[in-house]
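Taken together, the values in this text are just the output of simple stated rules run on the coordinates, not laboratory data. Owing to the predicted nature of the structure, the values given are computational and were not obtained by experimental measurement. Every residue, glycine among them, receives a Cβ derived from its backbone with ideal geometry; neighbour counts consider all protein chains shown.
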Amino acid sequence: MMKTTFPAYRPLALAVLAAAALALVPLIGPRAVVQDLFGILCLLVLALNWNMLAGFAGLVSVGQQAFVGIGAYAMFAAVILFGLDPLAGVLLGGLVAMALAVPVACFVFRLNGAYFAIGTWVAAEIARLGLGQWKALGGGTGTSLPKGTTRDMLGVGPVKEWLGVSSAAASDIVLYWLALGLVLVTLGVSWAFLRSRMGLGLQAIRDNAMAARSVGVDPVRLKALVFLLTAFGTGLCGGLLFIQITRITPDAAFSLVDWTAFVLFVVVIGGIGTLPGPIVGVVVFYALERLLSDYGSAYLIVLGLFGIAVMLFARRGIWGSLSGRTGLELLPLGHRAPDPAPALRP
């Protein structure tokens, strides 16, 4: 089947229109919708990072909650212990998560397959137990941001005056716009990276590491680079999430279900190894969440059954199956073969 590949400007135009529409939500929608969409956008950031890690680098991690928690705790430490603005703490959280990903990588990169996945989970548990002993941030019971922290956060004052809303609503709007910006940056950087020579090498490693190594691609270097970059993005997202939550505990910050299981669900049902896949997955997840949230634990059962159905009947995910059947490529990652050299005349 012929593939329908859009010109490069069309995905960009669609992204601009979608971003503009989402950016206008705080101006026309209620605060509850802004808070809900903030959570969904953060989930999308986590999904895009995990998809890059597992779908393109072949590193199936079940310990990404480690970097969410580290980013969140670093942000709390920056605010409570050093008196920094929460947004500066978010940036610090991303940097700390990336720095701590180095020793984690030195450990887990010695493992393969299921052992790698288990190793990342063990690293996350070590981080959870270790930060649970940090008495300055409440130990095992956790702590809260000081009163008025979000009200005095950078950007809240101008938004409050511009839109004529309360400080709490202005804080939600600032966080929402930051989450939207983080989604766009993550998506754009992922697409540019995967279209580069390094991205081509990364996909070659995923498909056949031995063959990629034989043509000069260094698997360890490329996988380590992706591991560190996704740790940075995940740490940033963790800091943003817990500014809105305003309270942190080790169990909440390192929740396997919230920050890894739901992320896996989103990526798998959307289409692992594709850029539009996590976007489709998070839309489906949000729709199911809104439809089934009043049914208690039955909501999780239905999510599980839906995920099983997708894995059985659409193994490439919703977007992957749709793209395979229709040939539609919204964010193409293919590379055009070079033109053959002209034959030399005798």
Along the positive direction of the dipole of the chain (beta-carbon charges: Lys, Arg +1; Asp, Glu -1; about the Cα centre), which of 178, 56, 108 reaches farthest? 56
Most mobile of 259, 121, 50 per a Gaussian network model of the chain (Cα springs, under 10 Å)? 121
Below 8 Å, C-alpha to C-alpha, sequence gap of six or more: please give me the relative contact order for segment 21-255 in percent. 39
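Given contacts defined as C-alpha pairs under 8 Å and at least six residues apart, what's the relative contact order of segment 1-124, whole-number percent?
Taking the mean separation of contacting Cα pairs over the length of segment 1-124, I get 23 percent.
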In the Gaussian network model of the chain, springs joining C-alpha atoms below 10 Å, which of 180, 24, 303 carries the largest mean-square fluctuation? 24
So who's got an amide H within less than 5 Å of the one on residue 328, skipping anything under 5 residues away but keeping other chains? H placed 1.01 Å off N, in plane. 4
Sort 42, 237, 106 so the one with the fewest other Cβ atoms within 10 Å of its own Cβ comes first. 106, 42, 237
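Over segment 90-184, what is the relative contact order in percent, taking alpha-carbon pairs closer than 8 angstrom and at least six residues apart? Please list the in-between numbers first.
On the way: 41 pairs, mean separation 11.4, N = 95.
Here the relative contact order equals 12 percent.
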Between 164, 181, 271, where does the largest GNM mean-square fluctuation fall for the chain, given springs only between Cα atoms within less than 10 Å? 164
If the only charges are +1 at each Lys and Arg Cβ and -1 at each Asp and Glu Cβ, what is the size of the charge dipole of the chain around the Cα centre, to the nearest 20 debye? 840
Please order 294, 251 by the number of other Cβ within 10 Å, starting at the fewest. 294, 251
Row for segment 110-175, column shape: gyration tensor on C-alpha, a ≥ b ≥ c, rounded if a/c < 1.5 i.e. under 1.5, prolate if a/b over b/c, else oblate; value oblate
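If you place +1 on the Cβ of every Lys and Arg and -1 on the Cβ of every Asp and Glu, how big does the dipole about the Cα centre of segment 212-346 come out, in debye to the nearest 20? Show your work: numbers first, answer last.
Details: 10 positive and 7 negative charges, 110 e Å.
Roughly 520 debye for segment 212-346.
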Enumerate the calculated ³J(HN,Hα) couplings along segment 195-201 in order (Karplus 6.51 cos²θ - 1.76 cosθ + 1.60, θ = phi - 60°), each rounded to whole Hz, writing x wherever the residue is Gly or Pro. 7, 7, 5, 5, x, 4, x
Roughly what angle does helix 31-50 make with the longest principal axis of the chain, taking Cα atoms, 0 to 90 degrees, to the nearest 10? 40
